[in-house]
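Colleague: Structure incoming, see below.
The values are calculated or read from the model by the stated rules, or taken from the named source; none is laboratory data. Keep in mind that this is a model prediction, so the values were computed, not measured. All Cβ positions, glycine included, derive from the backbone under ideal geometry; neighbour counts span all protein chains shown. Heads up: the accessible areas ignore ligands, DNA and RNA and are worked out on the full protein's heavy atoms, side chains in. Shrake-Rupley method; radii C 1.70, N 1.55, O 1.52, S 1.80 Å.
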Amino acid sequence: MIAQAGMHDHGSIEWVGGRPAGLEDAARAAGLVVHQHPLLAVDPEGLRPAEDVDAEVRLLGPGDDVARADAVARIAFTDRSSTGGVEGLDAAQDRDPASVAVRTARVLEGRPAVVAAYLGGEPVACGTVTVVGDVAQVTGVATLPALRRRGLGGAVTRRLAEHAFGAGARLVFLAADPAAARVYERLGFDRVGSGWLAGPPH
């Protein structure tokens, strides 16, 4: 969760702007690349419907291939083209049985919960949500490059928020790429501040 500052597994740090004071300058001085993102939040009463999509959008459960869904995010966050599609899932999928087993167990326990959109039986968009008490954070909303601009990211985000509210959350928040913020605003998310992310240059 973004509270004061949190460290990610890939060595980046995420925090709310101004908390703690001076962290932006300290991160830059340490040679990290710093990005600012809109911080958006929604409560149950403010959540709006997503546009209709030609995909099945569901929470992953027993029998679902978590590694296959994770491959969508790997492609979406590394492929800067507009052509990456389902044909790349095999190459992007984690093949290590131990890591897949651990990841699958965590997802089935909701740590985090994962929602994916499916077309023709293949995952084409995904996202995660972690609920802690009455607050939840949505992260990693991603769509295969070849299938963007079809409302899939919004549909996944809406389902993630629904799950969080059903699990007892009273507020769902996320830090968005500035260009994507309007997708979440259409769902009823309001800008409430700035989220910051600092990581290695690569």
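Colleague: Would you check which residues across segment 30-54 are touching a helix residue (DSSP H, G or I) at 6+ places or on another chain (Cβ under 6 Å) and either part of a strand (DSSP E or B) or within 30 Å of S99 (Cα to Cα) (or both) and list them? Show your work before the answer.
Modeller: Step one: of segment 30-54, the residues touching a helix residue (DSSP H, G or I) at 6+ places or on another chain (Cβ under 6 Å) are 34, 38, 40, 44, 47, 50, 53.
Correct list: V34, P38, L40.
Colleague: I'm checking my understanding of the structure. Among residues of segment 167-202 that are in a strand (DSSP E or B) and farther than 24 Å from L32 by Cα, which one is least open to solvent (accessible area, probe 1.4 Å)? Lay out the reasoning, then the answer.
Modeller: Taking segment 167-202 as the starting set, the residues that turn out to be in a strand (DSSP E or B) are 171-175, 190-199.
Remaining after also requiring farther than 24 Å from L32 by Cα: 171-173, 190-192.
Numbers: L171: 70, V172: 0, F173: 21, D190: 93, R191: 138, V192: 96 Å².
Result: V172.
Colleague: For residues that are buried (at least 24 other Cβ atoms within 10 Å of the Cβ) and closer than 19 Å to W15 by Cα, scanning just segment 138-166, find the one that is nearest to the chain's Cα centre (by Cα).
Modeller: V141
Colleague: From (1) part of a loop (DSSP other than H, G, I, E, B); (2) in contact with a Pro (Cβ under 6 Å, 6 or more places away or on another chain), pick out the condition that doesn't hold for V72.
Modeller: The failed condition is (1).
Colleague: So how many residues does segment 34-58 have that are touching a residue at least 24 places away in the same chain (Cβ under 8 Å) and open to solvent by 60 Å² or more (accessible area, probe 1.4 Å)? If you could, list the steps in order and put the result at the bottom.
Modeller: Initially, segment 34-58 is screened for residues touching a residue at least 24 places away in the same chain (Cβ under 8 Å), giving 34-44, 46-58.
Next, only the ones that are open to solvent by 60 Å² or more (accessible area, probe 1.4 Å) stay: 35-36, 43, 48-49, 51-52, 54, 56, 58.
Here the count works out to 10.
Colleague: Right, another one. Here's a check for you: in segment 118-127, which residue that is in contact with a Leu (Cβ under 8 Å, 6 or more places away or on another chain) and surrounded by fewer than 24 Cβ atoms within 10 Å (Cβ to Cβ) is nearest to R159 (Cα to Cα)? Spell out the reasoning first.
Modeller: Of all residues in segment 118-127, those in contact with a Leu (Cβ under 8 Å, 6 or more places away or on another chain) come to 119, 122-125, 127.
With surrounded by fewer than 24 Cβ atoms within 10 Å (Cβ to Cβ) added as a condition, the list becomes 119, 122.
Numbers: L119: 16, E122: 18 Å.
Here the answer is L119.
Colleague: Somewhere in segment 59-81, is a residue open to solvent by less than 30 Å² (accessible area, probe 1.4 Å) and without any contact (Cβ under 8 Å) to a residue 40 or more places away in the chain?
Modeller: Yes, segment 59-81 contains at least one residue that is open to solvent by less than 30 Å² (accessible area, probe 1.4 Å) and without any contact (Cβ under 8 Å) to a residue 40 or more places away in the chain.
Colleague: Evaluate the following for T83: is it outside any strand (DSSP E or B) and in contact with a helix residue (DSSP H, G or I) (Cβ under 8 Å, 6 or more places away or on another chain)? Can you show your working first?
Modeller: Working: outside any strand (DSSP E or B): yes; in contact with a helix residue (DSSP H, G or I) (Cβ under 8 Å, 6 or more places away or on another chain): yes.
Yes, satisfied.
Colleague: If you don't mind, there's one more thing I want to ask. Taking the criterion of being among the aromatic types (F, W, Y) and more than 24 Å from G154 (Cβ to Cβ), would at least one residue in segment 72-80 satisfy it? Give the steps one after another, and end with the answer.
Modeller: So the first thing to find is which residues in segment 72-80 are among the aromatic types (F, W, Y), and the list is 77.
Imposing the further condition that a residue be more than 24 Å from G154 (Cβ to Cβ) reduces the set to none.
No, segment 72-80 contains no residue that is among the aromatic types (F, W, Y) and more than 24 Å from G154 (Cβ to Cβ).
Colleague: Restricting attention to segment 51-108, report how many residues are among the hydroxyl-bearing types (S, T, Y), over 18 Å from L119 (Cβ atoms) and modelled with pLDDT under 95.
Modeller: Step one: list which residues in segment 51-108 are among the hydroxyl-bearing types (S, T, Y), which gives 78, 81-83, 99, 104.
Still in the list and also over 18 Å from L119 (Cβ atoms): 78, 81, 99, 104.
If we keep only those that are modelled with pLDDT under 95 too, we end up with 78, 81.
Total meeting the criteria: 2.
Colleague: Being hydrophobic (A, V, I, L, M, F, W, C), surrounded by 23 or more Cβ atoms within 10 Å (Cβ to Cβ) and touching a residue at least 24 places away in the same chain (Cβ under 8 Å) is true for just one of V100, V115, V131. Which residue is that? Give the steps one after another, and end with the answer.
Modeller: On the way: V100 fails: surrounded by 23 or more Cβ atoms within 10 Å (Cβ to Cβ); V131 fails: surrounded by 23 or more Cβ atoms within 10 Å (Cβ to Cβ).
Checking each option against the conditions leaves just V115.
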